[in-house]
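The numbers here are math on the coordinates, done by the rules we state, and not lab data. Fair warning: this is a prediction, and the values are worked out from it, not measured in the lab. We place every Cβ from the backbone using ideal geometry, glycine too, and count neighbours over all the protein chains shown.
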Amino acid sequence: MNPIVKELTDIKGKKHIVTSIEYDTPTEASQDVVFDTVRDILANDLEAFSKITFDVEPDGSKVKVEVSESRS
């Protein structure tokens with residue numbers, strides 16, 4: 001983990017951590033890889049986050065996944 005991010009997440013108190021990852025997906029197969037991974041997370045790690053979103057750009061060239069966690 002990045003030392004700056006670790007320092008910020010170590011601050012005591014309730015917080016919401018949002019991670020955003022944007023993937024270049026030039027093919028439908030590469031979109032499917034990201035979608036399958038998100039689906040597996042939903043099936044197996046449902047308690048690990050408070051929200052997850054999966055958005056595909058209209059032209060299909062990029063997929064954005066955003067994960068929100070609540071921590072104390």
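On a 0 to 90° scale, report how tilted helix 28-44 is relative to the longest principal axis of the chain, with both axes built from alpha carbons and the result rounded to the nearest 10. Relative to the chain, helix 28-44 is tipped by roughly 40 degrees. Candidates 37, 2, 54 compared by Cα position along the dipole of the range 1-60: farthest toward the positive end lies 2, with charges placed on Cβ. A value for percent of Cα pairs over 14 Å apart was derived from the coordinates, and within the list [x] 65; [y] 56; [z] 68 it appears as [x]. For a paramagnetic label modelled on residue 5 (point 7 Å from Cα along Cα→Cβ), amide N atoms under 12 Å away belong, within the range 11-30, to 17-22. For the residue pairs 12/62; 12/64; 6/51, the alpha carbons lie more than 25 Å apart in 12/62; 12/64.
Charged neighbours of residue 22, selected by a Cβ distance under 13 Å, balance to -2 (K, R count +1; D, E count -1).
Determine the sum of side-chain charges near residue 39: Lys and Arg each +1, Asp and Glu each -1, restricted to other residues whose C-beta is under 12 angstrom from that of residue 39.
Numbers: positive: none; negative: 32, 36, 40, 45.
With Lys, Arg at +1 and Asp, Glu at -1, the neighbours total -4.
Charged neighbours of residue 65, selected by a Cβ distance under 9 Å, balance to -2 (K, R count +1; D, E count -1).
Across the chain, the relative contact order, built from alpha-carbon pairs under 8 Å that are at least six residues apart, equals 46 percent. Here the 3J(HN,Hα) profile of the range 10-26, calculated from phi with Karplus coefficients 6.51, -1.76 and 1.60 at θ = phi - 60°, is 7, 5, 5, x, 5, 8, 10, 9, 10, 10, 10, 10, 10, 9, 7, 10, x Hz, Gly and Pro shown as x. Estimated at 0.36 nm per residue, the fully extended path between residue 28 and residue 59 surpasses their Cα-Cα distance by 10.1 nm.
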